[in-house]
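Let me begin by presenting the structure, written as structure tokens, before commenting on it.
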Amino acid sequence: MQEIKRKYVVPGDRIIDGNFRPLSNVTKSGNSIFATRIGIAEATRDGIKVIPLSGVYIPRVNDIVIGKIIDHSSLSWQVDISSCFSAHLPAQDVFGRDFSPARDDMNKQLAIGDLVTARIMAFDRTRDPMLTIQDKDLGRIPRGEFLKISATRVPRLIGKRGSMIQTIEQATQTRILIGQNGIVVVSGRNADGTQLAIRAIRMVEEEAHTSNLTQRIKTLLNVPEPQPTETLSEVSEPEGQKLNGTHEPEEQVSQELEKGDKE
Amino acid sequence: MVQTRSLIDEQGLRTDGRTIDELRNVKIQVGMVKNADGSAYIEFGKNRIIAAVYGPREVHPKHMAQPDRCVLRCRYHMSPFSTDTRKNPAPSRREVEISKVMREALEPALMLEDYPRAAIDVFVEVLQADGGSRCAGITAASVALADAGINMRDIVPACAAGKVDGKIVLDINDVEDKEGSADMPLAYMPHLERVTLLQLDGILNQEEFNECLDKALQGCKMIYEIQRKALIQKYFGDEQELKEES
């Protein structure tokens, strides 16, 4: 397949002519493919897509999201996942098959206001998304600082193979949970580390599209420059040229999209 | 009507010093309203307009939701201080009409079927009015929609043309609107080559109409370039083309 140059697009821009498969955020009209969002157009083996740079979160099946319990009925909790749809977490998912609304007290497991990490089990745009917490690392988040970033910045925050988030976690001694919907929970041993991590996350959000961001984050966090700690060098190995600041951050975003649900 | 002065002088210049096919100064800034999902501020001559977009978000009241597509709601509003005599802030007949035509001008460009059961709210607030505020409003609103990351087929620029002193001129300002003989606002999707808004206030013959339409289309294309630049500026900075890494 003919390779196209990756380029900046705004809605309505013609990306390429010819018989290509439209993937996400593009529309096919006649023999051309047009962008429908602001972002970076790119061609992969499967087709043409645009990596968006703005927009609210639209749920997708199998995304890991962080949500807040806002209400419950006798059979399910209602969860705010900061999208245009509020999600449902069925009580049977938590209590098991033999759940009985008369016997089990739903508030004991998840109270209103609790934060949960959950996976989107089903969503088809005709009904609200359904969540599950039956998986490793899912469930109620006991403590931490809550912050919201744009969902389009999530891949950038995670970084190539989780490099960005690991840098922040290790430098600030914190644990950071990221949902695909842009909700981040930072928990740490001391308040200073947590505050620093939050500042770093905010910086990633604001400057996500600029190059050489990792470098500036490291400066902010006082990460020793030439010889990173051993574990760190191991994980950040693949992005060797990133340290030299010669990379294009956008390219990174694209590759991370698939790994987005790492956390 | 008694004309107190001529709107085009001997050199062919208009009241504000423009030639007959010159736009007023247009400046667009993206992302002015941080609380909104997308926003734009436009200076179109003396017009000062803010457009803010919220959504897609949950529809309230719930019964307004459409099962197969998103609801687009537009509100055009002139602030009390936008004109020389105070404007009553309650929505007037004119504002209700402009809200409606604005919605209809933007709707064809949006892929509303991508967001069923949701709503997109577009707020257009005129801070200072100077003729052609509906065109400037549509121009700003479509930039704000693109900024909000809503799937769009195209961006919608809008521009008016009209007849002043027997001549067809581009981009009618306030004086020309009041004293001239015709005003024709037009919104147009440049890639799809579709007109989404066409109104005409005044009388034109067939020939004049065609000339007016051509002129307004040219104006829309010029404005489109400004919209595009403003968006690229916000998202990619000064760099207009993506550099390929070695």
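The stretch between residue A:21 and residue A:220, if pulled fully straight at 0.36 nm per residue, gains 67.4 nm over its current Cα-Cα span. Distance from the C-alpha centroid of segment B:21-55 to that of segment A:1-74: 26 Å, rounded to the whole angstrom.
Ranked by the mean number of other Cβ atoms within 10 Å of their residues, highest first, the peptides A:140-149, A:127-136 fall in the order A:127-136, A:140-149. Scanning chain B for trypsin sites (Lys or Arg not before Pro) in DSSP loops with at most 11 neighbouring Cβ atoms within 10 Å leaves B:87-242 as the longest stretch between them. Approximating the spin labels as points 7 Å out from Cα along Cα→Cβ, the residue B:94-to-residue B:58 distance works out to 3.9 nm.
Please report, in whole Å³, the volume per residue of the convex hull around the C-alpha atoms of the protein assembly as shown.
Values: hull volume 97.2 nm³, N = 509.
Each residue corresponds to 191 Å³ of Cα convex hull volume.
In this label model, residue B:207 and residue B:22 are separated by 2.7 nm, measuring between points 7 Å along each Cα→Cβ vector.
Here the calculated FRET efficiency for residue A:192 and residue A:29, from their Cβ-Cβ distance with R0 = 56 Å, stands at 0.55, rounded to the nearest 0.05. Relative to the globular-protein estimate of 2.2 N^0.38 Å, the Cα radius of gyration of segment B:10-131 stands at 1.27.
Run the dipole for segment A:64-140 about the Cα centre, Lys and Arg Cβ at +1, Asp and Glu Cβ at -1, nothing else charged, and hand back the magnitude in debye, nearest 20.
Charge dipole, segment A:64-140, about its Cα centre: 80 debye, nearest 20.
Computed over segment B:26-235, the convex hull of the alpha-carbon atoms projects to a mean area of 11.7 nm².
Coordinate-derived values only; no laboratory data. The structure presented is a predicted model; accordingly, all values stated were derived computationally and were not measured. No Cβ is skipped: glycine too gets one built from the backbone with ideal geometry, and neighbour counts run over all protein chains shown.
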